[in-house]
Amino acid sequence: MGDYNDIAVNHCGATTVTNLALYFAKRGYTHLEVNNKDETFEAVHELVGNGPIFILAGLAESYFAQCGYNLNYSSVGDTSEYELAILNNRPCDILLIDGLFAWHWVIGVGWVEYSTNDYYFRVNNNWNGNANTYYRPESGSVWWSATSYWVAN
């Protein structure tokens, strides 16, 4: 996220919406990407703004609508709903909350569950491009919230 510190602060929400746009652009919804990642982020940040942002889905929906697409979304209440969303190719934003204003948005792209019942979200932690970052729910934050997304034609 440090790529845009000159124009944005606390911008994990805008980064997450940008990553959703880039995810769906790679799946054929080409108008979501504005020339490249940088210009897409600038367009998204103009709408989403700086954080902290507690609710992201409506802002993501607005950006997609500006680009001519209908973005649908649904709240994810537990890990089984998260798994179902991922299995249906619906990426999830995940809000990790550790205090009143200690929040961080990431994109959920998978999960791992071990025989010991240890469970981890597989996440893309914004710009690092590494989808093999893992987060154990309720470890490192006091609460998490997620929303799944899909584009309707």
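How much of the accessible area of the chain, probe 1.4 Å, is carbon plus sulfur, in whole percent?
47 percent
To the nearest 0.05, what FRET efficiency results for residue 55 and residue 78 with a Förster distance of 25 Å applied to their C-beta separation?
0.85
If I compute mean projected area of the Cα convex hull in nm² from the structure I just sent, which labelled value in [x] 8.7; [y] 10.1; [z] 9.6 lines up?
Read-out taken from this structure: [x].
Tell me, in nm to one decimal, what length is gained between residue 30 and residue 42 on full extension, where the rule is 0.36 nm per residue of separation less the Cα-Cα distance?
Extending this stretch completely gives an extra 2.6 nm.
Order 53, 94, most accessible first, counting only protein heavy atoms with a 1.4 angstrom probe.
Ranking 53, 94 by accessible area, largest first, yields 53, 94.
Taking a probe of 1.4 Å, how large is the accessible area per residue of the chain, in Å²?
Dividing the accessible area of the chain by its residue count gives 51 Å².
Please list the equivalent ellipsoid semi-axes of the stretch 23-82, computed as the square roots of five times the alpha-carbon gyration tensor eigenvalues, in descending order and whole angstrom.
Gyration-tensor ellipsoid for the stretch 23-82: 21, 16, 11 Å.
Taking just the alpha-carbon atoms of the stretch 56-127, what radius of gyration and Dmax come out, in angstrom?
13.9, 46
Tell me, what HN-Hα J-couplings in whole Hz come from the Karplus equation 6.51 cos²θ - 1.76 cosθ + 1.60 at θ = phi - 60° for each residue of the stretch 31-47, using x for Gly and Pro?
In residue order, the calculated couplings are 6, 6, 9, 9, 6, 7, 4, 4, 5, 5, 4, 4, 5, 5, 4, 4, 8 Hz.
The values are calculated or read from the model by the stated rules, or taken from the named source; none is laboratory data. Treat the numbers as computed from the prediction; the structure is a model and nothing was measured. Please note: Cβ atoms are built from the backbone with ideal geometry, for glycine as well, and neighbour counts cover all protein chains shown. Just so you know, the surface numbers come from the protein's heavy atoms only, side chains and all, with ligands and any DNA or RNA stripped out. Shrake-Rupley method; radii C 1.70, N 1.55, O 1.52, S 1.80 Å.
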